[in-house]
1. Please work out if A:Arg310 is in contact (Cβ under 8 Å) with a residue 12 or more places away in the chain and of a type outside the set (Gly, Ala, Ser).
2. With respect to A:Arg128, determine if the residue is touching a residue at least 24 places away in the same chain (Cβ under 8 Å), within 12 Å of chain B (Cβ to nearest Cβ) and charged (D, E, K, R).
3. So which residues in the stretch A:114-159 are among the aromatic types (Phe, Trp, Tyr) and closer than 16 Å to A:Glu103 by Cα, if there are any at all?
4. Quickly run through the stretch A:18-61 and pick out the residues that are charged (D, E, K, R), in a helix (DSSP H, G or I) and either within 11 Å of chain B (Cβ to nearest Cβ) or more than 10 Å from DNA strand D (Cβ to nearest atom) (or both).
5. If you check A:Leu68, A:Leu77, which single one turns out to be touching a residue at least 40 places away in the same chain (Cβ under 8 Å), touching a Leu at 6+ places or on another chain (Cβ under 8 Å) and either near DNA strand C (Cβ under 10 Å from one of its atoms) or open to solvent by less than 20 Å² (accessible area, probe 1.4 Å) (or both)?
6. Based on what the data block shows, is B:Leu69 at the interface with chain A (Cβ under 10 Å from one of its Cβ atoms) and either within 11 Å of DNA strand D (Cβ to nearest atom) or more than 23 Å from B:Asp116 (Cβ to Cβ) (or both)?
7. Answer yes or no: is there a residue in the stretch A:226-242 that is β-branched (Val, Ile, Thr) and at pLDDT below 95.
8. Suppose we filter the stretch B:85-102 for residues that are buried (at least 17 other Cβ atoms within 10 Å of the Cβ) and either hydroxyl-bearing (Ser, Thr, Tyr) or more than 13 Å from B:Ala58 (Cβ to Cβ) (or both); how many remain?
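The values are calculated or read from the model by the stated rules, or taken from the named source; none is laboratory data. Small disclaimer: the values here were computed from a predicted structure and weren't measured. Note: ideal-geometry Cβ built from the backbone for every residue, glycine included; neighbour counts use all protein chains shown. Remember, those area values only see protein heavy atoms, side chains included, never the ligands or the DNA or RNA. Shrake-Rupley method; radii C 1.70, N 1.55, O 1.52, S 1.80 Å.
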Number of protein chains: 2
Amino acid sequence: MTLGDVARHVGVGTMTVSRALHRPAMVSEPLRAKILKAVDELGYVRNRVASGLASGTARLVPVVIPTLLHPVYIPFLEGAYSVLAQHGYQIILSTTEYQVSAEDRLIEALLGWFPDGLFLSGVDHSARTMSVLKRVHIPIVEVMDLSDSPIGINVGFSHYKVGVAVAEYFYQKGYRQIAYAGTMTEIDLRSVKRIAGFQQTLKDYGLPYHYIQRSNEPFSIALGGGLLNELLLQQPDIQAVFFANDDLAAGALFECQRRGIRVPEQLAIMGFNDQEIANSTIPTITSVRTPRREIGQIAAQMLVDHLQGRPPAERQVDLGFKIIERASTQAAARSISD
Amino acid sequence: MTLGDVARHVGVGTMTVSRALHRPAMVSEPLRAKILKAVDELGYVRNRVASGLASGTARLVPVVIPTLLHPVYIPFLEGAYSVLAQHGYQIILSTTEYQVSAEDRLIEALLGWFPDGLFLSGVDHSARTMSVLKRVHIPIVEVMDLSDSPIGINVGFSHYKVGVAVAEYFYQKGYRQIAYAGTMTEIDLRSVKRIAGFQQTLKDYGLPYHYIQRSNEPFSIALGGGLLNELLLQQPDIQAVFFANDDLAAGALFECQRRGIRVPEQLAIMGFNDQEIANSTIPTITSVRTPRREIGQIAAQMLVDHLQGRPPAERQVDLGFKIIERASTQAAARSISD
DNA sequence: TTGCCAATTGATAGCGCTATCATCACGGCG
DNA sequence: CGCCGTGATGATAGCGCTATCAATTGGCAA
């Protein structure tokens, strides 16, 4: 069932059918009604592949995220999907599994679809990918992080500033033995930026920086307990810990309960991402809320605007973040010795 | 940069370049090396849209899930993605947001890509969708639930049997005042099947069926507490509750802690899906583990096999489920009065 | 009446690729 | 010495659609 079949059935040219369907204003009302009726009866659906080839735009937007296994990328995906779908763009889903080399090949393959735009999470790409992206003439959208030199549109927040803000928060609260606990530092470059801001700020305050890091173990609640135990072994007088995400923080909290460590009186715990679990534990966990869904929505809206000939004024948008203070860091400053 | 450009550059025909890239055995070794070199130098990438049009197969597989907002569909998506990506198929992501009418339009639009296959979650479709799906000559994969009359491939488990198994489990444990608590019954047809099995089994045992249901409120931890309160108001002597998912069960558990109701001694709680939260609360929550990732992987593998000319022996695969018993239902049967 | 413009419809030429068949060179064989 | 099979390569014809320009009509101003 092709356009030609419909055209023959109605007794008009193929262009008239094409117009009746996609440029309604260009076809007279009675003829258009006749064509739509025939389309409906024959069950014709436009071949988007042929349409894409002929028009040069397939209304396809690949979205590349690190992984589907970690829940933080889902709200972003959802936000982007909701806006793009509304405007008739299809999403091609891809994951790098945190492998930079995979990103290279992935992006080249994705470009083979001659997409209308391209979403990438993260702003750190290989030299090869960068040169490919710069050569290609479609809007590139980098999200989740802020870039010093964005390729195209860039929506996110500064992970470095998160590290700074958390260190400052702990300092204001009176904590002086402060640690970072995380994992995947080798592949999650954004966590490295948070660490940098955190460490630098502690240094600026003249405080020691303690940390415990794993390089490749995936995030999990169980790992949080393990990291906490190792940290306490290494630094028993620790007062406050900033975890790389909420699962780890929750795991550490549960471990504290098992070991009889009172939170926040004896140990303050802060998570990252503000996932639902942070607000469900007892005590609840202070965390850094990141605008993941908004990043997806706003970035997608900017892309759509751009594609529709309304290039957004700003190419880079900093959506910020917010420390959501909960019970796990509520110890009065006085009660902490310094 | 097109195939023709590469061909001209090397001084061969376009077909030779096409073959060198995609049918290596058909081109002599030295010529092929020369062509690959030119491809690399010129940065040529195949236009998959043109390729798809010419060959009639674009290696595209749309995956339709109800929503990205609920985490249970993500492991399925991940499982399917991992297998499809490995075999060179691209996923087009789509969600229905639980609207049957949206599914109709969505599927027709997706069919416009002339995809190689189509993933649908759920087995309940509108009459219109059914007729479209039957007319189309691509493998349809229905997942998450089992169908009485699968259109094509069907991988999942029986939600009715889940209801039966949970009712039997509660009965064996000695509970006699048993309830179901859930939400979204109007749009989540699979939960309705669980309810049916649950209710029927209680009836077979001669036990009363209690329930509290909301029709459209989304799942959340907070809602779990609300449902529990309503249920207790309506039926104060309730002994065991089967929740529509783990978030609700966890919320109910937290509410019990707030109200001083001992779990499992005074009230047994069972969740559904066995998400990580069920194993993280104190006490841990008994739940029904469903093979979501496996469903995605196995279904995708069956689709790939089918597309590669190795049609799987069975069209329907029941991956079952398992009640993971944890602390929230561990009260000794004796301690419950009957 | 003539001419011109706008509105509507149609004919044609690709988009970049692959399927298919033709061509050609070469070597073995009768 | 011609015939034929085989392997390698090329020429050509679409795949189904849309961009573009041409053609036709009718209304209206000059």
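1. Working: in contact (Cβ under 8 Å) with a residue 12 or more places away in the chain: no; of a type outside the set (Gly, Ala, Ser): yes.
Criteria not met by A:Arg310.
2. Working: touching a residue at least 24 places away in the same chain (Cβ under 8 Å): yes; within 12 Å of chain B (Cβ to nearest Cβ): yes; charged (D, E, K, R): yes.
The answer is yes for A:Arg128.
3. A:Phe119
4. Just the residues of the stretch A:18-61 that are charged (D, E, K, R), to begin with: A:19, A:23, A:29, A:32, A:34, A:37, A:40-41, A:46, A:48, A:59.
Remaining after also requiring in a helix (DSSP H, G or I): A:19, A:29, A:32, A:34, A:37, A:40-41, A:48.
Listed by number, the residues that qualify are A:Glu29, A:Arg32, A:Lys34, A:Lys37, A:Asp40, A:Glu41, A:Arg48.
5. Values: A:Leu68 fails: touching a residue at least 40 places away in the same chain (Cβ under 8 Å).
So the residue among A:Leu68, A:Leu77 that is touching a residue at least 40 places away in the same chain (Cβ under 8 Å), touching a Leu at 6+ places or on another chain (Cβ under 8 Å) and either near DNA strand C (Cβ under 10 Å from one of its atoms) or open to solvent by less than 20 Å² (accessible area, probe 1.4 Å) (or both) is A:Leu77.
6. Values: at the interface with chain A (Cβ under 10 Å from one of its Cβ atoms): yes; either within 11 Å of DNA strand D (Cβ to nearest atom) or more than 23 Å from B:Asp116 (Cβ to Cβ) (or both): yes.
So B:Leu69 passes the test.
7. For the stretch A:226-242, residues β-branched (Val, Ile, Thr) and at pLDDT below 95: absent.
8. In the first step, residues of the stretch B:85-102 are kept if they are buried (at least 17 other Cβ atoms within 10 Å of the Cβ); the result is B:85, B:89-96, B:98.
With either hydroxyl-bearing (Ser, Thr, Tyr) or more than 13 Å from B:Ala58 (Cβ to Cβ) (or both) added as a condition, the list becomes B:85, B:89, B:93-96, B:98.
So the count comes out to 7.
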